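Below is one structure, written out as structure tokens, with a few remarks after it.
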Protein chains: 10
Amino acid sequence: MSEKIKLLETFENQYPDRDYLIIHSFPEFTSVCPKTGYPDFAELVLEYIPLKLCVELKSLKLYYFAYRNDGIFYESVTNKILDDLVEVCKPKYMKLTANFNVRGGISSKIVVEYSSK
Amino acid sequence: MSEKIKLLETFENQYPDRDYLIIHSFPEFTSVCPKTGYPDFAELVLEYIPLKLCVELKSLKLYYFAYRNDGIFYESVTNKILDDLVEVCKPKYMKLTANFNVRGGISSKIVVEYSSK
Amino acid sequence: MSEKIKLLETFENQYPDRDYLIIHSFPEFTSVCPKTGYPDFAELVLEYIPLKLCVELKSLKLYYFAYRNDGIFYESVTNKILDDLVEVCKPKYMKLTANFNVRGGISSKIVVEYSSK
Amino acid sequence: MSEKIKLLETFENQYPDRDYLIIHSFPEFTSVCPKTGYPDFAELVLEYIPLKLCVELKSLKLYYFAYRNDGIFYESVTNKILDDLVEVCKPKYMKLTANFNVRGGISSKIVVEYSSK
Amino acid sequence: MSEKIKLLETFENQYPDRDYLIIHSFPEFTSVCPKTGYPDFAELVLEYIPLKLCVELKSLKLYYFAYRNDGIFYESVTNKILDDLVEVCKPKYMKLTANFNVRGGISSKIVVEYSSK
Amino acid sequence: MSEKIKLLETFENQYPDRDYLIIHSFPEFTSVCPKTGYPDFAELVLEYIPLKLCVELKSLKLYYFAYRNDGIFYESVTNKILDDLVEVCKPKYMKLTANFNVRGGISSKIVVEYSSK
Amino acid sequence: MSEKIKLLETFENQYPDRDYLIIHSFPEFTSVCPKTGYPDFAELVLEYIPLKLCVELKSLKLYYFAYRNDGIFYESVTNKILDDLVEVCKPKYMKLTANFNVRGGISSKIVVEYSSK
Amino acid sequence: MSEKIKLLETFENQYPDRDYLIIHSFPEFTSVCPKTGYPDFAELVLEYIPLKLCVELKSLKLYYFAYRNDGIFYESVTNKILDDLVEVCKPKYMKLTANFNVRGGISSKIVVEYSSK
Amino acid sequence: MSEKIKLLETFENQYPDRDYLIIHSFPEFTSVCPKTGYPDFAELVLEYIPLKLCVELKSLKLYYFAYRNDGIFYESVTNKILDDLVEVCKPKYMKLTANFNVRGGISSKIVVEYSSK
Amino acid sequence: MSEKIKLLETFENQYPDRDYLIIHSFPEFTSVCPKTGYPDFAELVLEYIPLKLCVELKSLKLYYFAYRNDGIFYESVTNKILDDLVEVCKPKYMKLTANFNVRGGISSKIVVEYSSK
């Protein structure tokens, strides 16, 4: 799975002197449940305050696509994606919210945050 | 009723060094009113910050199912479920919100919280 | 299951000379899946044009409650309830719509109709 | 109850040569359940095509208010109001829809129509 | 009031050989209640199939504005506006729906239609 | 009006050592405007943190019903109900929100709070 | 314009010892744009904590009506109304929010606050 | 692709003498665009009137899952699924509606129907 | 403007023996008002039953983009687009609905249809 | 691009002694993606507390229009517009939120703030 991070590209933040918020919502995330082998679906909401680098949008989409046939748990995939994005972007602040569809009558949300310093 | 807690299973939190939030919403909770014998219905929203353990989702569903034919009041069932989940998961923080359907023209919500000190 | 029909009571239609429509919506129907043993949930919408008899509301509620711990399939329970209500009310027209909650990612609706003559 | 109809006033339809539709929605209807003595609440939607007469709005409101402390069943009150309005307005077509609030988990709608031959 | 119609302008329909539908919704109509002197508010929805002429939009707006301080009843103003628009546009079909805001707890809708021939 | 408070009943809070929130929403409150004699309608939302006592739900409903034919102003009825509930329940915290329906084009909300000590 | 304030009436606050919030929403405010002469429309939401005096509702409605044919800008009318209401009611706290309809593709909101002392 | 149809299972219709409607909604369909290689997402709504056979729900889910990594166009996949379901169920009537998510600013819906005889 | 039609591409309908419906919704159409020079915005909904040819989606998007800086009236642009699409696709049936954003307080919808035969 | 700022006009704040909030929402912003040449669409929400100057609404509209055929990235255009508006209005506080439509399955929001001193 360590290969996925290479898909992420960045571009230089043109306004590094100002703290501002960037939010990218992706309602089409899908991976596979490692227990049942059935697909999972989630909306991913990424919020961050950039320092020197911004995530390039198309590379973010391709990075998300790369999980399509991976077997991985809710809590793990959400933490893993935040870790990758923090490593690549080195933001001042970053938060990832994953809203997973109903399974067994229960819908789940995982909220993970990172703060520099 | 003390038997129900045995239904709850946990798994090890893979990211114990980071505080993050897990939310499980269950719109199909049902028990029985101890006064009238009629069914009650509620949506249960469980939010928690794990320490070493996470609640296993299927066991949570089976635990909720176990109240189906129990006669128990709104305030009691909400507090009881929080107590069981805190005992099993030992979380940093946990909150349970129960939204009960209209009865006699009144809909009720009970909000219970736990914080490890 | 044939005992349930005895729970249904009727009262005399006070306006038998006019065709009019009566609709009762019940969002709290629950029975049990005969395969998995897990609970099913549905909203039942009953629409009918009475002839001589109307369904008494409280008895309808008790009749619906009686399915709580029965194992029965979507298609069967919807047809069975319509049959019972038609037998007891002998309406000019009757329609039952059952909207079942998501199971395995799929939500289902069954629509059954009866017309006298 | 026969006194209530005297509250209804009409005014002359200024466009008797054209068929057109008038709809008055009233979300604040309340009467009393004759069984339990508890209040019932409904939204009444009146639709009609006038011939010579239109219902005066303020008198309609006062007529609806007059049911506030009457004990009367859903089916009866809906048919009764339609009868009174037909008698006073003599419309080409009239329809009354009453949406009653949830009682015992069931919400009800009664739809009654009149057509001048 | 007969002066208002002069405000309405038309332009030539460029597709007279095809029946098609034009709908203009105006949520900001206001006039004055002739009984109370208080303002009335309505959303006007105009639908028509043109023959040779289409209503010019800005002139329609000015025409609607012209009722701002007129005292006129719901039923009259809706019929009057349809009459004016039919006279000026000579459409194949025209329909005007006026949704008036709540007054005395009652909201009202008037629906008036015209068909050529 | 001082008689109404006798309708309110309480039961013992089973979890007195934990601060938790109870919310009861009642969309069917109605009283009478003392000026016009016309009915008023409101949704009442009661939120409180209990100490030793909880409000019994059926008694709360009957207490609310008791205002049905009383002439009383928005501000007064909201403060009066809070006072009665505080006197009977002696809660740690209590808040009452009353959302009144549109009258004369204006809808009103009154928010009243109580905090012990 | 200084005459409008005389329309506002007050009544004595019956619960002066308790801080509580009163909110009046009025979706039917209309004045005239001083530049174009075209009507403007807004929803006004007034929130305040009374000291000795409350605004009388009918007088508030008449006061709002008085702007119907005045030419006045968004920012001015919102500040002016707050000033008048503060002068008449002398509240502990008051806030006025005006949501103006779309003009030239832009919808506008003005939020003005007052705090005693 | 012809192998997928073997995943579909049926069970015997218990009410073959009555025409009734069965609707299964599946918001989690995903396949792959044959041009770009990027994933497509759709909600599939299946409606049918059974004759002798009903589609078994779990097998339907597995059949839908089987398209996850297939490259296939909107129009083709919708027609293909209907063909397979008709062949296996031999219904009186069947309709499949596929609502595809936005691609290039355009969202698409394909509606395909089958009628026996 | 006649050049735009060359942007439209088609592909062969793979299911020519079955009548089925294709719907493409595009919420980002923009052109320019020929009177004011200001931009117009609309949602275009295209519905058609293909015969031998289907519209290729990317070419449809580019065709819509081509109107970005054209000055053209609501009624004209809707009819023109339908004409172009009919000429290129030669469908059995086609309908175009254009929902234009509010201008001068009025929002407009144009509905144009074509039927072969 | 530096020419655009000249389009912005201001008028004198009539209430400079009071801090109040002005919000202008514009759902029709469009520019061009510098990579693909395809149009981008966003809703811009501008919030500010004025000091001596307010933005004139029509000039704001024309300023926004001026980006119609510019190729510029999400993050740049949002920061650039805030910079221009701050330079022209010299507000106490200003915030610009840009909600961009879905591209490649991802919708984006950029939030930029300015505070004087």
Residue by residue through the stretch D:6-32, note down the ones that are farther than 23 Å from E:ASP83 by Cα and of a type in the set (Lys, Arg). D:LYS6
All conditions in (1) more than 22 Å from D:GLY105 (Cβ to Cβ); (2) over 11 Å from the mean Cα position of the chain (by Cα); (3) more than 7 Å from every other protein chain (Cβ to nearest Cβ) are true of C:ASP83 except (2)
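Looking at C:GLU47, C:GLU28, C:GLU9, C:GLU3, which is the one that is over 21 Å from C:SER107 (Cα atoms) and either of a type in the set (Phe, Trp, Tyr) or within 9 Å of chain D (Cβ to nearest Cβ) (or both)?
Answer to the check: C:GLU47.
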The correct count of residues that are under 13 Å from the mean Cα position of the chain (by Cα) and of a type outside the set (D, E, K, R) in the stretch B:65-80 is 8
Among the candidates E:LEU8, E:LEU62, E:LEU51, single out the residue that is more than 13 Å from the chain's Cα centre (by Cα) and of a type outside the set (Asp, Glu). E:LEU51
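Table: residues versus (1) of a type in the set (Gly, Ala, Ser); (2) on the phi > 0 side of the Ramachandran plot; (3) touching a helix residue (DSSP H, G or I) at 6+ places or on another chain (Cβ under 9 Å).
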| position | (1), (2), (3) |
| --- | --- |
| H:TYR20 | no, no, yes |
| H:ILE23 | no, no, no |
| H:SER31 | yes, no, yes |
| H:GLU47 | no, no, no |
Tally up the residues in the stretch F:33-88 that are closer than 23 Å to G:LEU53 by Cα and among the acidic types (Asp, Glu), please. 3
Of the numbered conditions (1) within 14 Å of chain I (Cβ to nearest Cβ); (2) among the aliphatic types (A, V, I, L, M); (3) not in a strand (DSSP E or B), E:ILE23 satisfies every one except a single condition; which is it? (3)
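Being touching a residue at least 60 places away in the same chain (Cβ under 8 Å) and under 17 Å from F:ARG68 (Cα atoms) is the filter here, so list the residues in the stretch D:34-54 that pass it.
Selection gives D:ASP40, D:PHE41.
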Scope the stretch J:94-114; condition within 20 Å of J:GLU12 (Cα to Cα) and surrounded by fewer than 16 Cβ atoms within 10 Å (Cβ to Cβ); matching residues: none
Where a residue in the stretch A:55-75 is at negative phi and its partner, wherever it lies, is of a type in the set (Asp, Glu), with Cβ under 7 Å and at least six apart: A:GLU56/A:GLU9; A:SER59/A:GLU9
Flagged pairs (Cβ under 6 angstrom, 6 or more apart or on separate chains; first in the stretch G:104-117, within 7 Å of chain J (Cβ to nearest Cβ); second part of a strand (DSSP E or B) and hydroxyl-bearing (Ser, Thr, Tyr)) are G:SER107/J:SER25; G:VAL111/G:THR97
Which ones in the stretch D:29-48 are under 24 Å from D:TYR93 (Cα atoms) and buried (at least 18 other Cβ atoms within 10 Å of the Cβ)? D:PHE29, D:ALA42, D:LEU44, D:VAL45, D:LEU46, D:GLU47, D:TYR48
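Readers should treat all values here as calculations from the given coordinates under stated rules, not as data from a laboratory. Keep in mind the model is a prediction, meaning the values are calculated, not measured. Quick reminder, even Gly has a Cβ in these numbers, built from the backbone with ideal geometry, and neighbours come from all protein chains shown.
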